[in-house]
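I have placed the structure first, in the form of structure tokens, so that the comments after it can refer back to it.
The values are calculated or read from the model by the stated rules, or taken from the named source; none is laboratory data. Not measured: the values here are computed from a predicted model. Heads up, the Cβs are rebuilt from the backbone with ideal geometry, glycines too, and the neighbour counts pull from every protein chain shown.
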Amino acid sequence: QQPVQSPQAVILREGEDAVINCSSSKALYSVHWYRQKHGEAPVFLMILLKGGEQKGHDKISASFNEKKQQSSLYLTASQLSYSGTYFCGTNNNAGNMLTFGGGTRLMVKP
Amino acid sequence: KAGVTQTPRYLIKTRGQQVTLSCSPISGHRSVSWYQQTPGQGLQFLFEYFSETQRNKGNFPGRFSGRQFSNSRSEMNVSTLELGDSALYLCASSLSTSGGYNEQFFGPGTRLTVL
């Protein structure tokens, strides 16, 4: 079963903040976050691992609540380049298989 | 370091035909995963190969198959194409052995259109 992302879409002005949530019904080993721009491949943003380790870009932060199987991606002081569709992908230690959420469309306007 | 490459980038086929897509992972990456992306179903996992062995398989019919070679290059095959197979097929490679410990690097994808 795929994780549930919320909101499905959000529109921001440059400089505003946003939070994207990802919730799974299964116990998770890791949560990945990717951004995909139209016509391009998904690009890696963050990994959050069971146990608290995180890896990713300095300008993006995220959290992982292992007990609730929930993760949130925090986008602060948004820039026009942040526009795109954000996907969370979850792994329950089955190889490197990722189950992706439905995506959150983010549009940043000047 | 070269990224993940996929060939061909675009394909047009007719129903009933078969198709083979190719993926070359980043040098040193032994894990290759395939995903199907459609507007209706989103990003869906097809299968993962690691050291020439299929390690995980998604919920797709047997018409979808794949393999991995000793140099980690991977191919996926779709037989008896259906209209619903029209999609962007993405390949992703990773350094990690399991647990999604490392990021997956996606290739540009192959856009398959079935007429």
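From the set of residues in the range A:6-31 that are over 20 Å from A:Asn93 (Cα atoms) and polar (S, T, N, Q), which is farthest from the other protein chains (Cβ to nearest Cβ)?
In the first step, residues of the range A:6-31 are kept if they are over 20 Å from A:Asn93 (Cα atoms); the result is A:6-21.
Next, from what is left, pick out any that are polar (S, T, N, Q): A:6, A:8, A:21.
On the way: A:Ser6: 15, A:Gln8: 11, A:Asn21: 17 Å.
My answer is A:Asn21.
Kindly indicate the residue of the range A:1-31 that is assigned to a loop (DSSP other than H, G, I, E, B) and among the small types (Gly, Ala, Ser) and also farthest from A:Ser72 (Cα to Cα) among those meeting that condition.
Checked the range A:1-31; the qualifying residue farthest from A:Ser72 (Cα to Cα) is A:Gly15.
Kindly list, by first and then second residue, each pair from a residue in the range A:81-110 that is crowded, with 20+ Cβ neighbours inside 10 Å to a residue that is among the acidic types (Asp, Glu), limited to pairs with Cβ atoms under 7 Å and residues at least 6 apart or on different chains.
A:Gly95/B:Glu48; A:Asn96/B:Glu48; A:Met97/B:Glu48; A:Val108/A:Glu14
Does A:Gly89 satisfy the criteria of being part of a loop (DSSP other than H, G, I, E, B), within 21 Å of B:Tyr35 (Cα to Cα) and at the interface with chain B (Cβ under 8 Å from one of its Cβ atoms)? Don't jump to the end; show me each part of the working.
Values: part of a loop (DSSP other than H, G, I, E, B): no; within 21 Å of B:Tyr35 (Cα to Cα): yes; at the interface with chain B (Cβ under 8 Å from one of its Cβ atoms): yes.
Answer is no for this residue.
Any chance you could count how many residues in the range B:22-47 are surrounded by fewer than 23 Cβ atoms within 10 Å (Cβ to Cβ), small (Gly, Ala, Ser) and outside any loop (DSSP other than H, G, I, E, B)?
Matching residues across the range B:22-47 total 3.
Those residues that are touching a residue at least 60 places away in the same chain (Cβ under 8 Å), under 13 Å from the mean Cα position of the chain (by Cα) and not in a strand (DSSP E or B), I need them from the range B:59-115; list them, please.
B:Gly107, B:Pro108, B:Gly109
Given B:Gly62, B:Gly3, B:Gly84, B:Gly109, which one is out of contact with any Ser or Thr (no Cβ under 7 Å at 6 or more places or on another chain), at pLDDT below 95 and among the small types (Gly, Ala, Ser)? Step through it out loud before you land on a result.
On the way: B:Gly62 fails: at pLDDT below 95; B:Gly84 fails: at pLDDT below 95; B:Gly109 fails: at pLDDT below 95.
Every option except B:Gly3 fails the conditions.
Considering only residues that are in contact with a Gly (Cβ under 9 Å, 6 or more places away or on another chain) and either assigned to a loop (DSSP other than H, G, I, E, B) or within 14 Å of chain B (Cβ to nearest Cβ) (or both), which ones fall in the range A:95-110?
Residues satisfying the conditions are A:Gly95, A:Asn96, A:Met97, A:Leu98, A:Thr99, A:Phe100, A:Gly101, A:Gly102, A:Gly103, A:Arg105.
Which members of the range A:32-47 meet the condition of being facing another protein chain (nearest Cβ under 8 Å), surrounded by fewer than 23 Cβ atoms within 10 Å (Cβ to Cβ) and part of a loop (DSSP other than H, G, I, E, B)?
Listed by number, the residues that qualify are A:Glu40, A:Ala41.
Looking at B:Gln36, B:Gln68, B:Gln44, can you tell me which residue is at pLDDT 95 or above, more than 28 Å from A:Tyr86 (Cα to Cα) and within 13 Å of chain A (Cβ to nearest Cβ)?
B:Gln68
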